[in-house]
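The values are calculated or read from the model by the stated rules, or taken from the named source; none is laboratory data. On a predicted model such as this, the values are computed, not experimentally measured, just so you know. Cβ coordinates were reconstructed from backbone atoms using ideal geometry, including for glycine residues, and neighbour counts include every protein chain displayed.
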Amino acid sequence: MDKRVRFGSLSSIVLLLAFIGFAVLALFPLYALMLASFKPAQELFRYGLNVRWDLAVMGFENYKQIFLSHEGSAGHFFGWYRNSIVITLLYTVICLLVSSMVGYGLAMYEFKGRNLLFTLVLVVMMLPVEIIILPLYKLMISFTLINSIWGVILPFVVAPLPIFFFRQFALGLPKDFMDAARIDGCNEFGIFFRVMVPLMLPAFGAMTILQALQSWNNFLWPLIVLRTTEKFTLPIGLTSLLSPMGNNYEVLIAGSVLAILPILILFIFFQRYFVEGLTVGGVKG
Amino acid sequence: MPTVVTDSTKNKLAGRRRSKLNMQIVAPYLFVMPFILSFIVFFSYPLIQAMLMSFQEVLPGETRYIGFDNYKKLWNEDFFQALYNNTRYTFWTVVVLIPLPMALAVFLNSKLLAGRNFFRSTLFIPALTSVVVAGIIFRLMFGELDNSLMNSILHLVGIPSQKWLQSSSLSMLALIILATWRWVGINMLYYLSALQNIPKDMYESASLDGAGPIRSFFSITLPQLKPITIYVTTISIYGGYAMFTESYMLWGGKASPQGIGLTLVGYIYQQGFEYFDLGFGAAIGITLLGITLVVSMLQLLASGMFKKEA
């Protein structure tokens with residue numbers, strides 16, 4: 001009853017209206033993008049990005065061009081999509097495997113240099129990678145990893161934030177399980193993969209989302225490493241369409257919609273992991 | 001390992017146990033090996049290289065040490081412009097992206113608001129959008145055309161069309177709006193999880209003592225939110241000084257008019273990959289490192305101070 005009175009009060013109505021306003025502001029740019037993706041590019045040049053419904057000019061032409069045309073940027077689009085998917089999958093799988101191992105090792109074993117290593121993890125976490133991109137670029141040249149997906153993946157695949165997160169998570173796991181498994185004849189890696197990884201699954205959920213999203217949206221490093229059009233990932237490819245001549249805007253706009261669509265769909269199903277994954281940094285605070 | 005092979009099972013067991021013990025000593029190093037390798041190859045080595053390069057003139061095929069020349073070159077208008085842009089951007093993101101998400105979280109946490117889960121998810125959705133796609137949208141919204149979204153909003157209140165991305169203050173406004181749109185949901189969630197960790201009985205005893213909601217907010221909520229505020233401020237400052245993609249998107253990777261969109265990382269990128277002056281680029285990077293270290297020190301001081309109070 002208390003609740004009903006509160007919901008009806010003037011302040012709760014004002015609050016609700018305010019939040020409806022915020023929600024509209026949050027969704028509005030995406031809505032405008034989606035609407036533009038159904039309009040020809042000339043409309044965009046003549047009237048800018050707007051929210052006018054004009055059924056006379058709207059249609060699926062841009063999407064048809066992306067899906068059916070094999071020429072120009074439309075022809076490259078699914079190649080970029082595939083590159084993004086391949087890099088995101090490889091990066092996420094390897095990153096989770098190695099960073100869970102490192103985090104677990106730091107949490108569960110006493111060994112010389114452990115505290116030093118953990119401090120180094122924190123140091124890497126704190127320094128922006130942009131400081132070292134030029135020497136890292138030179139290093140990629142000497143490894144001949146320029147213009148290769150491994151050049152995009154390898155330098156950052158052992159990521160400090162997931163290591164930190166897995167360590168914090170593993171600290172809460174019972175160490176008695178390790179001894180029990182040892183008595184049963186399990187070796188150290190068997191303990192990790194068969195006993196501990198299943199216990200760490202919630203951490204894997206949050207980290208999968210965080211790392212996959214980061215990789216999918218990553219910009220600066222792939223921009224530096226990937227040099228030819230057919231090797232581009234989605235963000236790099238889309239950016240390359242922002243030419244002043246603007247003959248590629250059909251692909252640019254509809255392609256942007258297609259780039260965020262899978263993430264929005266995944267978000268609907270795995271909301272909890274998204275929220276956990278993206279606010280993980282807060283455990284530091 | 002047993003050197004003599006015998007039939008005795010006792011010996012075998014002892015040997016196995018010993019190798020297992022060895023394994024227990026070696027295993028942790030194997031677990032952390034990926035980090036050690038990656039740290040040496042992809043972090044320490046490039047970092048040392050960056051420091052060396054900043055004292056070098058790096059030409060194809062030959063490098064030579066030129067002392068502090070690269071750092072002396074930093075004394076130029078472009079660098080100050082970039083530093084000014086980053087500082088201004090960082091200042092405004094902190095001013096907007098701390099109180100606004102905090103207020104949203106406080107209301108989302110209160111029973112007064114209906115549909116809280118829905119609003120939480122909706123306000124979070126922009127954070128899923130990549131900076132690239134967000135940049136494409138906002139670049140078009142802030143277009144110069146009379147009919148572009150921002151200009152038509154201006155017309156509603158009787159202001160004529162603006163060339164948003166040609167003016168220093170208007171383009172800064174555009175960048176801040178873009179950052180706010182994309183980032184408010186994440187900071188809001190940080191605050192929300194911090195709010196949910198405040199013990200309820202603190203509020204109960206406060207209201208027994210006759211404190212109203214506003215008084216409770218200032219004497220309970222705000223102090224309890226201090227650690228997360230320090231954290232959010234720190235990542236905002238890091239992010240602000242390392243900002244690159246947002247401005248790259250708004251000006252399409254080209255030089256912005258009078259350098260209004262130039263950032264420190266953009267300057268590194270320009271010097272390194274457009275002018276191939278790697279030494280100078282490295283010197284900018286090391287300067288950015290210095291800024292980051294100062295910020296970290298301040299953060300440590302601030303959180304240390306909090307510990308004394310608590």
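For every residue, the table says whether it meets (1) closer than 26 Å to A:V275 by Cβ; (2) in contact (Cβ under 8 Å) with a residue 24 or more places away in the chain.
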| residue | (1), (2) |
| --- | --- |
| B:L175 | no, yes |
| B:G185 | yes, yes |
| B:Y191 | yes, yes |
| B:K200 | yes, no |
| B:I214 | no, no |
Problem - So B:A105, is it in contact with a Pro (Cβ under 9 Å, 6 or more places away or on another chain) and not in a loop (DSSP other than H, G, I, E, B) - result: no
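Per-residue answers, yes or no, for (1) touching a residue at least 24 places away in the same chain (Cβ under 8 Å); (2) assigned to a helix (DSSP H, G or I):
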position: B:A179; (1), (2): yes, yes
position: B:A211; (1), (2): no, no
position: B:I235; (1), (2): no, yes
position: B:G239; (1), (2): yes, yes
position: B:M243; (1), (2): yes, no
position: B:I268; (1), (2): no, yes
position: B:Q271; (1), (2): no, yes
position: B:G279; (1), (2): yes, yes
Practice task
For B:N151, work out the one condition from (1) at the interface with another protein chain (Cβ under 7 Å from one of its Cβ atoms); (2) buried (at least 22 other Cβ atoms within 10 Å of the Cβ); (3) free of Cβ contacts under 8 Å to residues at least 24 places away in the same chain it doesn't fulfil.
Solution key: (1)
Practice task
From B:I260, B:I220, grab the single residue that is touching a residue at least 12 places away in the same chain (Cβ under 8 Å) and buried (at least 19 other Cβ atoms within 10 Å of the Cβ).
Solution key: B:I260
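Pick out, from the stretch A:171-238, the helices (runs of 4 or more DSSP H) lying fully within it that include 1 or more residues that are in the same structural domain as A:A259 (by the TED database), buried (at least 21 other Cβ atoms within 10 Å of the Cβ) and modelled with pLDDT of 90 or more.
Details: elements: A:176-183, A:201-217, A:220-225.
The qualifying helices (runs of 4 or more DSSP H) are A:201-217, A:220-225.
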Handout entry: Condition met for B:Y248 (more than 10 Å from chain A (Cβ to nearest Cβ), modelled with pLDDT of 90 or more and assigned to a helix (DSSP H, G or I))
Key = no
Completion exercise
Turns out the helices (runs of 4 or more DSSP H) fully within the stretch B:16-98 with at least 3 residues that are at pLDDT 90 or above and more than 26 Å from the chain's Cα centre (by Cα) are B:69-73
Fill in the blank from the handout: Counting only helices (runs of 4 or more DSSP H) wholly inside the stretch A:19-114, the ones holding at least 3 residues that are in the same structural domain as A:A212 (by the TED database), farther than 30 Å from A:R194 by Cα and touching a residue at least 40 places away in the same chain (Cβ under 8 Å) are A:72-108
Completion exercise
The residue that is nearest to A:S84 (Cα to Cα), considering only those in the stretch A:257-272 that are in contact (Cβ under 8 Å) with a residue 12 or more places away in the chain and facing chain B (nearest Cβ under 7 Å), is A:A259
Exercise for the section: Go through (1) surrounded by fewer than 18 Cβ atoms within 10 Å (Cβ to Cβ); (2) more than 8 Å from every other protein chain (Cβ to nearest Cβ) one by one and return the number of the condition A:A23 breaks. Expected result: (2)
Fill in the blank from the handout: Picking from A:V14, A:V57, A:V51, A:V5, the residue that is surrounded by fewer than 16 Cβ atoms within 10 Å (Cβ to Cβ), at pLDDT below 80, more than 25 Å from B:A134 (Cβ to Cβ) and of a type in the set (V, I, T) would be A:V5
